[in-house]
Every structure is written in structure tokens, then in C-alpha cells.
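The values are calculated or read from the model by the stated rules, or taken from the named source; none is laboratory data. Please read these numbers as outputs of a predicted model, since none were measured by experiment. Don't worry about glycine lacking a Cβ; one is built from the backbone with ideal geometry, like all the others, and counts go over all protein chains shown.
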Ligand code: IMP
């Protein structure tokens, strides 16, 4: 039997890891940052999602030698000129949580009528000297108040187009089927399984 091919997913998010390992199956050995002994805080200093994803993937390739992919996600609100965007995790300032980020978003949009927004996930894959990007996007609306308790981040205030409920009112599989991350991940996996095997 051939050995599974090793690849690093530059994350320690157990949920994301579990999901991708399930999809990729036994011919891939997907390792987390902890699995390769990387405990550094990789600086995310770029001003774009693609830039940050590339920083993380290259960091691992350069220092640890493994093929690697990394993701970065943002919520882009049209009426706020694309904010919080690349700063979505720290919109309310460093050390603040999702609750504070959502509260600030609703406050900044208190008088806004046109509430369109989208989530974008960019995945950067670095294999050998090759660098590739995969994007997933979902369009929707920022609600005026929170609804639902599933998911994380801005889920309670984001209602995807074509749906009557927010992401936080969906099951994991309902959300994955249409989400930014689900779409980007499926593009990555299709590439890995068909092109790199
Ligand atoms: P990350 O790049 O996946 O860590 O995402 C950055 C930030 O975007 C998170 O801290 C969340 O605030 C937000 N975010 C990312 N994905 C989602 C999602 O699926 N739902 C709601 N918020 C999200």
C-alpha cells in the first residue's frame, strides 16, 4: 500500500481540520500546525485575504518544508466600503470576541438601508514552487438583529441570498453546502484529488 501523501493545513481549528480530513480520505495525511510542532503566531500583516493566506502557507513551506495550504476569511459589507473585510476577526479591536464584533457592526449599520454583504474565503496552496489560490463567496444581507445560536463569528447577523434564515439558524451541513468556506474548500479538494494525486 502506498503511503498517504503529507500536507499541512495551517490551522489549529479542530472543526476545520476534522471537516477536511473527512472529505480528503485516507490517501492524504493532513497535518495541523500543532502536528508539525509549529507553535509560533504567524503574522497576518497583509491587507488582503489572499495576501494573508499566502503568508501563512509560505511560512510553513519555507520553515518546515511541507506542502501547505492556508485560508483567510472576511465579511465584506458594501455600505461600509468592504469593512470589516480582512480585519473581521478583530473589528472591535484586539482581544475582542465575536459578540463585540457583531455589536459594533450593527451599531455602524444602525441607519443603513442597503445592507448587502458577502463572505469571502481565499485558500492559498503552496506545493513545491507552485502557488495557487481558490476562492469561495456567498452573497447575502446583514440583518438588523441577531437570530440563531449555531455556527460562530457573524453567523447570527448574516442571511444568505435565497434563504429566510441566518447562518446561525442552519445546521452545519446546510451552511457548508452554500458557504464561502465550503465553496473554496471544494475547489481546493477537487484540485488536490484530480491534479496532485
Ligand atoms: P478566519 O480567517 O477563518 O479565521 O476568519 C476570520 C474571521 O471572519 C472570524 O474570526 C470570524 O469573525 C469571521 N468568519 C469567518 N468565517 C465565518 C463564518 O462562516 N461565519 C461567520 N463569521 C465568520
- Tally time: how many residues in the stretch 62-74 are within 16 Å of residue 121 (Cα to Cα) and more than 14 Å from the chain's Cα centre (by Cα)? 0
- Message: Tell me which strands (runs of 3 or more DSSP E) are completely within the stretch 105-183 and hold 2 or more residues being without any contact (Cβ under 8 Å) to a residue 24 or more places away in the chain and surrounded by 16 or more Cβ atoms within 10 Å (Cβ to Cβ), or say none if there are none.
- Response: 158-160
- Task: Working only within the stretch 170-188, note down all residues that are within 13 Å of the ligand (Cβ to nearest atom) and either closer than 15 Å to residue 9 by Cα or in contact with a helix residue (DSSP H, G or I) (Cβ under 8 Å, 6 or more places away or on another chain) (or both).
- Result: 175, 176, 179, 181, 182, 184, 185
- Query: Name the pairs: first residue in the stretch 46-60 and within 9 Å of residue 122 (Cβ to Cβ), second residue within 12 Å of the ligand (Cβ to nearest atom) and at pLDDT below 95, Cβ to Cβ under 6 Å, at least 6 apart or on different chains?
  - Reply: 52/44
- Note on the structure: residue 77 fails exactly one of (1) under 20 Å from residue 10 (Cα atoms); (2) within 20 Å of the chain's Cα centre (by Cα); (3) touching a residue at least 40 places away in the same chain (Cβ under 8 Å), namely (1)
